[in-house]
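Below is one structure, written out as structure tokens; comments come after it.
The values are calculated or read from the model by the stated rules, or taken from the named source; none is laboratory data. These numbers were taken from a predicted model, which means no experiment stands behind them. All Cβ positions, even for glycine, are placed from backbone atoms using ideal geometry, and neighbour counts span all protein chains on display. All accessible areas refer to the heavy atoms of the entire protein, side chains included, with ligands and DNA or RNA removed. Shrake-Rupley method; radii C 1.70, N 1.55, O 1.52, S 1.80 Å.
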Amino acid sequence: GACECAPQWQGAACDAMRFKPVEEVQGYGMKVNITSWGGGVLYDGEKYHLYVAAMTNDCPLQYWGKNSRVEHAVADSPTGPYTFADVAIDVWSHNPAPVALADGRYAIFHIGRGLNGPNGGHNCTAGQFGVGGREESPADLGSVIHVAEAAGGPWKPLQTSLPSCNNPAPWVHSNGTIFIVCGNSLLSAQDPAGPYTTVTAFTHSGGPAGTYEDPYLYVDSRGFHLLYHVYNYDDRQTCNNATVSAHAFSVDGFTWTMGAVQPYTTQIARTDGSTVTVSTRERPKMFFDKSGQMTHLLNAVCSRTECPADHPCVDCKLEAWDYTLVAPFETERQSVVV
């Protein structure tokens, strides 16, 4: 026999994601000089709300440590196009991970405290990338939570006992429990304020070779899952085969297994048969419809298809225009050949 894959997965081991071809690459920050770097989408019954890390004052991603804020944009479909609505969390804030809480509130888990106003940071010259070198990471990378009664805000900081996480990855279980990946540990709580307890710890043994970051946690009928951004400094110049992703899974949340192959790549297929290549594809997040079916993958991507020989593909993002990609999954089940 053969594995019967969910519609969004394919391959002998159901370990490769299955996407619809797109007419045009969609997302947020699709115009040069509007630099965004990943985010997540929530639906409130009326609009699709995107919360996305974006750079202020015409600055590129190299200034993320001073110019990032969390912008709120809205659309009539998960794919977009998204229109800027307001600033959800001021400078400095980054890595937004929005969730709908069991009590009807909304929360954004992120890093940075948002204390520098909506337009803080450097002032940059539009169209200049890679000028001045790579900026140092900010000192305050600890995780923070903002909550709101409505998807449009206003967002208020929450006092929480959540440990410091560079890329907090929350998921609200159907039973109301909040699970979150913090570093290499899975934590749980009944309220975003805490207390948080450790469920388990895990490694990345058996997965694609490289450095793991940007976890994204989700739970479906088959169990717990983690997506990662993975990068390898040996990937240089031509980036069509660059390492960008990994998938881990667990039936019970305690014992985890790494998938051996990448679930997605740097390639985005178009309806005309052509392919768009990005040099890196990071910050994975997914959108699920009201039935619990995953329908779209969001990533932070770099527009370059190739990088200079002295730069790994993962670092092209610091010298080029970057945006947030929304890619639709196939949701119709494939016919199974046994």
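Can you tell me which residue within the range 299-326, out of those that are touching a Phe, Trp or Tyr at 6+ places or on another chain (Cβ under 7 Å) and part of a strand (DSSP E or B), is farthest from D58 (Cα to Cα)?
P312
If we keep just the residues of the range 213-232 that are part of a strand (DSSP E or B) and of a type in the set (S, T, Y), which is farthest from D15 (Cα to Cα)? I'd like the intermediate steps shown before the answer.
Taking the range 213-232 first, the residues part of a strand (DSSP E or B) are 213-220, 223-231.
Of the ones still in play, those that are also of a type in the set (S, T, Y) are 216, 218, 228, 231.
Numbers: Y216: 16, Y218: 16, Y228: 14, Y231: 19 Å.
That would be Y231.
Within the range 19-41, which residues are open to solvent by less than 70 Å² (accessible area, probe 1.4 Å) and over 25 Å from E319 (Cα atoms)?
Correct list: F19, P21, V22, V41.
Criterion first (of a type in the set (D, E, K, R) and closer than 22 Å to W9 by Cα) does R236 satisfy it? Reasoning before the result, please.
Numbers: of a type in the set (D, E, K, R): yes; closer than 22 Å to W9 by Cα: no.
When the stated conditions are applied, R236 does not pass them.
Does the range 137-154 include one or more residues that are touching a residue at least 12 places away in the same chain (Cβ under 8 Å) and of a type in the set (D, E, K, R)?
Of all residues in the range 137-154, those touching a residue at least 12 places away in the same chain (Cβ under 8 Å) come to 137-138, 140-153.
If we keep only those that are of a type in the set (D, E, K, R) as well, we get 140, 149.
Scanning the range 137-154 turns up at least one residue that is touching a residue at least 12 places away in the same chain (Cβ under 8 Å) and of a type in the set (D, E, K, R).
Give the residue that is farthest from the chain's Cα centre (by Cα), with candidates limited to residues of the range 190-212 that are among the aromatic types (F, W, Y) and part of a loop (DSSP other than H, G, I, E, B). Quick ask: steps written out before the conclusion?
Of all residues in the range 190-212, those among the aromatic types (F, W, Y) come to 196, 202, 212.
Applying the additional criterion that residues be part of a loop (DSSP other than H, G, I, E, B) yields 196, 202.
Details: Y196: 23, F202: 20 Å.
Looking at residues that are among the aromatic types (F, W, Y) and part of a loop (DSSP other than H, G, I, E, B), I get Y196.
Check off (1) under 21 Å from Y264 (Cα atoms); (2) more than 15 Å from the chain's Cα centre (by Cα); (3) buried (at least 17 other Cβ atoms within 10 Å of the Cβ) for T56 and give me the number that stays unchecked.
Tallying (1) under 21 Å from Y264 (Cα atoms); (2) more than 15 Å from the chain's Cα centre (by Cα); (3) buried (at least 17 other Cβ atoms within 10 Å of the Cβ), T56 fails exactly one: (1).
Do you know which residues across the range 1-18 are polar (S, T, N, Q) and in contact with a Pro (Cβ under 8 Å, 6 or more places away or on another chain)? Steps first, please.
Here is the first cut: in the range 1-18, the ones polar (S, T, N, Q) are 8, 10.
Residues satisfying the conditions do not exist here.
Quick one: which of D44, D15 is open to solvent by 40 Å² or more (accessible area, probe 1.4 Å), modelled with pLDDT of 90 or more, farther than 20 Å from S291 by Cβ and not β-branched (V, I, T)? Don't jump to the end; show me each part of the working.
On the way: D44 fails: farther than 20 Å from S291 by Cβ.
Exactly one of D44, D15 is open to solvent by 40 Å² or more (accessible area, probe 1.4 Å), modelled with pLDDT of 90 or more, farther than 20 Å from S291 by Cβ and not β-branched (V, I, T), namely D15.
Regarding the range 281-294, can at least one residue be identified that is in contact with a helix residue (DSSP H, G or I) (Cβ under 6 Å, 6 or more places away or on another chain) and within 23 Å of A169 (Cβ to Cβ)?
Our first condition is that a residue be in contact with a helix residue (DSSP H, G or I) (Cβ under 6 Å, 6 or more places away or on another chain); within the range 281-294, this holds for none.
The answer is no; no qualifying residue exists.
So, in the range 90-118, exactly how many residues are more than 17 Å from the chain's Cα centre (by Cα) and either among the hydrophobic types (A, V, I, L, M, F, W, C) or open to solvent by 20 Å² or more (accessible area, probe 1.4 Å) (or both)? Explain how you work it out, then say what you get.
Step one: of the range 90-118, the residues more than 17 Å from the chain's Cα centre (by Cα) are 90-92, 101-106, 113-118.
Checking the rest, the ones that are also either among the hydrophobic types (A, V, I, L, M, F, W, C) or open to solvent by 20 Å² or more (accessible area, probe 1.4 Å) (or both) come to 90-92, 101-106, 113, 115-118.
Qualifying residue count, the range 90-118: 14.
Inspect the range 191-208 for any residue being within 23 Å of D15 (Cα to Cα), out of contact with any His (no Cβ under 8 Å at 6 or more places or on another chain) and among the charged types (D, E, K, R) and give the result as yes or no.
Within the range 191-208, none of the residues are within 23 Å of D15 (Cα to Cα), out of contact with any His (no Cβ under 8 Å at 6 or more places or on another chain) and among the charged types (D, E, K, R).
(1) closer than 22 Å to L227 by Cα; (2) modelled with pLDDT of 90 or more; (3) open to solvent by 40 Å² or more (accessible area, probe 1.4 Å): which one isn't true of K66, the others all being true?
(1)
For a quick check of your reading of the model, give me the residue pairs whose first member lies in the range 198-224 and is more than 15 Å from H173 (Cβ to Cβ) and at pLDDT below 95, whose second is crowded, with 18+ Cβ neighbours inside 10 Å and among the hydroxyl-bearing types (S, T, Y), with beta-carbon atoms closer than 8 Å and at least 6 apart or on different chains.
So the pair list comes out as H204/Y212; H204/Y228.
I'm trying to understand the selection: among the residues of the range 18-41, which are hydrophobic (A, V, I, L, M, F, W, C), under 20 Å from V74 (Cβ atoms) and modelled with pLDDT of 95 or more?
Taking the range 18-41 and keeping what is hydrophobic (A, V, I, L, M, F, W, C), we get 19, 22, 25, 30, 32, 34, 37, 41.
The next check asks that each one be under 20 Å from V74 (Cβ atoms); those that pass are 25, 30, 34, 37, 41.
Selection gives W37, V41.
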